[in-house]
Structure formats: C-alpha cells, structure tokens
1. Can you tell me the accessible area per residue over the stretch 35-126, all protein chains present, probe 1.4 angstrom, in square angstrom?
2. Using only the Cα atoms, work out Rg/Rh for the stretch 63-126, with Rh taken as the Kirkwood radius, to two decimals.
3. For an R0 of 35 angstrom, estimate the FRET efficiency from the Cβ-Cβ distance between Thr121 and Glu64 and round to the nearest 0.05.
4. Rg (Å, one decimal) plus Dmax (Å, integer) for the alpha carbons of the stretch 33-95?
5. Give me a comma-separated list of calculated 3J(HN,Hα) values for the stretch 90-96, in order, Karplus coefficients 6.51, -1.76, 1.60 applied at θ = phi - 60°, integers in Hz, x for any Gly or Pro.
6. For a quick check: with amide H placed at 1.01 Å from N, whose amide H comes under 5 Å from Phe49's, ignoring anything fewer than 5 positions away on the same chain?
7. Full extension from Asp87 to Arg16: what is 0.36 nm times the residue separation minus their Cα-Cα distance, to one decimal in nm?
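The values are calculated or read from the model by the stated rules, or taken from the named source; none is laboratory data. Here the structure is a predicted model, which means the values were calculated and not measured. Note: ideal-geometry Cβ built from the backbone for every residue, glycine included; neighbour counts use all protein chains shown. For accessibility, only protein heavy atoms count, side chains too; no ligands or nucleic acids. Shrake-Rupley method; radii C 1.70, N 1.55, O 1.52, S 1.80 Å.
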Amino acid sequence: NPTTSLADSGDVNVQRLAPGQCLNGLKEGSAIRDLPAVPCTQPHEGEVFATFDLADGDFPGDTEVGKLAEDGCVDRMKTYSAKAADDPNVEIYFLHPTQTSWRLGDQGVACVAMSSAGKVTGSIKD
C-alpha cells in the first residue's frame, strides 16, 4: 500500500488522536492543526488505526523518523485490519514529529488509513 508522510505534525497533538477515530480535513503536506474527528458511521477521509511513540533520545533526523514511522504504521496496519492491509485502495498516512516538536517532547506517531476512492463510511477494522 502506498504510504504518505504528513511531516508537519508540530501543530497536532498526536496524543489526542486515538485508534478507531475517523477524521476529515487531511491534506498531504499541509500543516495539520486540529483535525475534525467524526463518527466512523459518517462519511470520512481517514481512520486512525495506531498511535505509538518513538524511542527516547536525540532527534534521529527527518529521514530516519519518517522511516521508523512508516515501518511502524505498516506493521500495525496488519494487526488492526488484515483486510485493509491487503486492499490496494487503502493508503497509509502517518503523522510524525518534526525536530522542533521533538524538542518539545513530542515523539508520537499517528497512523491513518485513507481510501484512494474518496470518503468512506464505516470502520476498516476486521
């Protein structure tokens, strides 16, 4: 499945996102401030399927953070929904810390599944 980085998560409180939340207002490469969470029963663009923290320590660099975030999300997608992991229309987006937000204590990654077919209704969870 294609994966896309939403690198500018400095504004988003990833801690506020939780698996099973559905979201609208995701745009690739845009600064994400407050994503409107909607019930998954309503049409939505994305569904948060995992959140996790990267290991403590110095900021490992944008490339490494992106790789760790992407690998972590891809692994967790299989656990959340094997069906979605095999669906070619499901794309994985991930929010990850920037160097600035890392210094402020943000090491959180949020993984979001989106359908390339547009808005969907209902959860992808198996």
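1. Details: 4690 Å² over 92 residues.
Spelled out: the 1.4 Å probe surface of the stretch 35-126, per residue, equals 51 Å².
2. Rg/Rh: 1.04.
3. Details: r = 37 Å, r/R0 = 1.05.
Taking R0 as 35 Å, the efficiency between Thr121 and Glu64 is 0.45.
4. 13.7, 40
5. 8, 10, 9, 10, 9, 9, 9
6. Counting only residues 5 or more places away or on other chains, the set is Gly20, Cys111, Val112, Ala113.
7. Working: separation 71, 0.36 × 71 = 25.56 nm, distance 2.73 nm.
Extra length available between Asp87 and Arg16 comes to 22.8 nm.
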